Amino acid sequence: MSAQPQFITNADGEKVSVVLSLNDYYEMLEDLEDLAAIAQIKDEETIPWEQVKKELYDNDLL
């Protein structure tokens, strides 16, 4: 993402809002969805690659 945000300021010059292109906005939403999915499975047990590979071979998938 090559975000080039524009900021909206209040009367005191403080940044209060940001404007992004639609492309940047949708990319950010996609990234947030990916991060949420990762957070949901981060504590799940992992399966060693050798076991996965064996199961794939055993089921003629490799």
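The values are calculated or read from the model by the stated rules, or taken from the named source; none is laboratory data. Predicted, not measured: the structure shown is a model, and the values here were computed from it. Cβ sites come from the backbone with ideal geometry, for glycine too, and all protein chains shown count toward neighbours.
Points to keep in mind about this one:
- Restricting attention to the stretch 17-41, the residues that are of a type in the set (Val, Ile, Thr) and surrounded by 10 or more Cβ atoms within 10 Å (Cβ to Cβ) add up to 2.
- For the stretch 1-30, the tally of residues that are in contact (Cβ under 8 Å) with a residue 24 or more places away in the chain and of a type in the set (D, E, K, R) stands at 1.
- Residue-level check: of (1) more than 20 Å from the chain's Cα centre (by Cα); (2) of a type in the set (A, V, I, L, M, F, W, C); (3) assigned to a helix (DSSP H, G or I), Leu61 misses just (3).
- Residue match in the stretch 37-53 (condition: out of contact with any strand residue (DSSP E or B) (no Cβ under 6 Å at 6 or more places or on another chain), of a type in the set (S, T, N, Q) and in a loop (DSSP other than H, G, I, E, B)): yes
- Flag for Met1 being touching an Asp or Glu at 6+ places or on another chain (Cβ under 7 Å) and either at pLDDT below 95 or among the hydrophobic types (A, V, I, L, M, F, W, C) (or both): yes
- Residues that are hydroxyl-bearing (Ser, Thr, Tyr) and surrounded by 10 or more Cβ atoms within 10 Å (Cβ to Cβ), drawn from the stretch 42-62: Tyr57
- Some residue of the stretch 7-19 being modelled with pLDDT under 95 and part of a loop (DSSP other than H, G, I, E, B): no
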